[in-house]
Amino acid sequence: MELLGLVLILLVGSYLLFNVSYLLICAIAGHFGGKDDQPATKQPRQIRRIAVLIPAYKEDTVILDSVQVNLQQNYPTSSYDLFVIADSFKPETLEKLAQLPIKVIVVSFEQSTVQKSITQALLQLPPNVYDIVLISDADNHMATDYLQRINLAFNSGWRAVQGHRVAKNTNTSVAVFDAMNEEVNNHLFRGGQRALGLSASLIGSGMAFEPETMKRLMTKIQSVGGYDKELEMLLLSEGIRIGYLKEALIYDEKVQNLEVFERQRTRWIAAQVHFVKLYFGVGLRQLLNGNAHAFNAFLKSLLIPRVLFLAFLSFGFLVGLVVGYQPVWGFFGILLATLLFSLLISIPGYLWQKISMKDVLTFPLLVFRMVRSLLKIKAAGKKFLHTPHGEPTVKENI
């Protein structure tokens, strides 16, 4: 019995050490390059036709503004089209969209998901017309040079790229932390990964692919949520690496209140658990086949969500102090300090300037919501949990 307990402690300790070490390596690597942008002044060999797909479920509040902003590209207007994939929109919204120089694809499903909307739109795209398919969320605003930078990346040989998604808003404490989380992800799993010679992680929007490849792989996806991680694995399993365009900015609305934060994180954790179950065998086979990129995509899915990880290590450290057992508080203390260091060096300076004492006091509430989200992941794995955009911020949620 004692031997079993010792083995269990070693396994848990090794898993925690793996989490901290992985994040530390990526955090340090992120400061040594890690971007695949071509100079914006470079003359493109080819102006590729781009289809921008915008899956939108009940996004009447934000869609018109987003479309109007995204039509202001400095890319030739004849070389790109915006497709709004309208699911459960109000008739008046559809009428207004019809007046804009875009294309609208109306869809309806018994159970709506982003994956279904995108797949339906891909099937309706005319063949051999577009050279690139780009995915944008309903609330996303592309920088005016976004499509130009995407085109340059494909001209240089990339077949799949991820742009740099940044916060559009930091108007609440929750939004500030969500913006930090976004940039930490960019630093660790895009910039850091590319600096290490690995493929960048996809993030669900601001990503671009070859149309036929995208169409073929989207029909294979089984996830209710988190389709981007499954798409990433499928791409890497076929040897298609993913570049990171750090200078290609796309602005994303950050979660503004605790209720939506909990709902979004529930969906993310459920998607992560589903991915690990679905691709455990695939990940190991890719390792045996020598495909480091695909195996790394699986390895990332084993990482503990960082807010929960911080809470767990802090709890372990405090318990060790209370019981006065130095090996426990020493082990957890070192891991906690290393994790904090990794995160602190991954947050860009401009976001540090936005933090107030009120924001710091909000963090324990985020931890509580994350812990509570664990109780809801079973239901989230069966039903897509929509994250609303353009929601008014209520006082209770800071």
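Some points to look at:
- In sequence order, the range 215-221 has phi-based couplings of 4, 5, 6, 5, 6, 8, 6 Hz under the Karplus curve 6.51 cos²θ - 1.76 cosθ + 1.60, θ = phi - 60°, and Gly or Pro positions carry x.
- Here, the chain has an Rg and a Dmax of 21.5, 72 Å when only alpha carbons are counted.
- Take each peptide in 358-368, 6-16, 187-197, count the other Cβ atoms within 10 Å of every residue, and average; sorted highest first, the result is 187-197, 358-368, 6-16.
- Across the alpha-carbon set of the range 50-260, the Rg to Rh ratio works out to 0.94, Rh being the Kirkwood radius.
- Cα-Cα pairs of the range 224-304 separated by more than 20 Å (percent): 44 percent
- Residues Ile28, Ile221, Ile54, arranged from fewest to most other Cβ atoms within 10 angstrom of their Cβ, appear as Ile28, Ile221, Ile54.
- Fewest-first sequence of Thr338, Thr144 by Cβ atoms within 10 Å of each Cβ: Thr144, Thr338
- J(HN,Hα) series, the range 100-106, from Karplus relation 6.51 cos²θ - 1.76 cosθ + 1.60, nearest Hz, glycine and proline x: 9, x, 9, 10, 10, 10, 8
- Highest mobility in the GNM of the chain, judged by mean-square fluctuation with C-alpha springs under 10 Å and restricted to Met357, Met207, Met370, is found for Met357.
- The length gained on full extension between Asn171 and Arg216, counted as 0.36 nm times the residue separation minus their Cα-Cα distance, comes to 12.2 nm.
- In the range 255-332, the chymotrypsin sites (Phe, Trp or Tyr not before Pro) that fall in loop regions by DSSP, at most 12 other Cβ within 10 Å: Tyr325
- Between Leu299 and Leu321, the contour length at 0.36 nm per residue exceeds the alpha carbon distance by 4.7 nm.
- Top positive-direction residue, dipole computed over the range 50-260 with Cβ charges, set Val52, Thr213, Ser78: Thr213
- More than 22 Å apart - percent of Cα-Cα pairs taken over the range 152-274: 38 percent
- Per residue, the chain reaches -16000 deg cm²/dmol at 222 nm when only DSSP H runs of four or more residues are counted, each adding -39500 (n - 2.57).
- Net charge dipole size for the chain [Lys, Arg +1 and Asp, Glu -1 on Cβ; Debye, nearest 20]: 600 debye
- Estimated FRET transfer efficiency (Gln124, Leu278; beta-carbon r; R0 35 Å; 0.05): 0.80
Readers should treat all values here as calculations from the given coordinates under stated rules, not as data from a laboratory. Note that the structure is a prediction, hence the values are computed from the model and not measured. All Cβ positions, even for glycine, are placed from backbone atoms using ideal geometry, and neighbour counts span all protein chains on display.
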